[in-house]
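Any read-out appearing in this document is the output of simple, stated calculations on the displayed coordinates, not a laboratory observation. On a predicted model such as this, the values are computed, not experimentally measured, just so you know. Virtual Cβ from ideal backbone geometry, glycine too; neighbours counted across all protein chains shown.
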Amino acid sequence: MGNNRTFTMIKPDAFAKGNTGAIIQKITNSGFKIVALKLTKLSPERAAEFYAIHKDKSFYNNLIEFMISGPIIAAVLEKKNAVDDFRALIGATNPEDAAEGTIRNLYATNVTNNAIHGSDSDENAAIEIAFHFKEEEIVTY
Ligand code: IDP
């Protein structure tokens, strides 16, 4: 009862370092059910659209350049309280502030190249899932 969804991306730094497997294992060991998963590479246009909310920030250009620099793994995860529990699992945006044992603490490179994305609200999770996946790509099991 009450399972809901969040959206995640394993970012280009973590993918390039070969940490995809370890991160997926940590996600599933933490009780998240993967219901959609793909390897993809964001175009400049798609990355700009995904991060449009940050377009006036000083770090925006670096963020877009980073996010298009290599493949990402996009996934839809289900769990009760998925959004908040996943934000706790990944840790603070800046890995220097991320709690010990969180994914960003373990695998992030720096505040921009921070290994993983997690939706910050149920509303944004729904938008981000629809941005990356067609409904028929999300598996019920
Ligand atoms: P979040 O990913 O923890 O939700 P947001 O504030 O939504 O953090 O920022 C989106 C992404 O932009 C971060 O994950 C990180 O890659 C980058 N970013 C955020 N804040 C900074 C910063 O202060 N300096 C550099 N990059 C940042």
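In Å and on Cα atoms, what radius of gyration and Dmax does segment 34-107 show?
14.0, 35
Packing-wise, with mean Cβ within 10 Å as the measure, how do 40-47, 123-130 rank, highest first?
Peptide ranking by packing, descending: 123-130, 40-47.
Net charge near Thr109, counting Lys/Arg +1 and Asp/Glu -1 over other residues with Cβ under 11 Å of its Cβ?
Net local charge, Thr109 excluded: +2.
Can you tell me how much longer the chain between Lys38 and Ala22 gets when fully stretched, taken as 0.36 nm per residue apart minus their C-alpha distance, in nm with one decimal?
That works out to 4.1 nm of additional length.
Run down the aspartates and glutamates and flag those whose C-alpha is under 19 Å from the C-alpha of Lys55, throwing out any fewer than 8 positions away in its chain.
The reachable aspartates and glutamates, counting only those whose Cα sits under 19 Å from Lys55, are Glu45, Glu65, Asp120, Glu128.
What's the ranking of 99-112, 64-77 by average number of surrounding C-beta atoms within 10 Å, highest first?
Descending mean neighbour count gives 64-77, 99-112.
In the structure shown, do any of Lys33/Lys57; Lys11/Lys80; Lys11/Lys79 have a Cα-Cα gap over 29 Å, and if so which?
Lys33/Lys57
Dividing the Cα radius of gyration by the Kirkwood radius, what Rg/Rh value follows for the chain?
With Rh from the inverse mean 1/r over Cα pairs, Rg/Rh is 0.93.
Along Cα→Cβ, 7 Å out, is where each label goes; now give me the distance between the ones at Lys134 and Asp97 in nm to one decimal.
It works out to 4.0 nm between the two label points.
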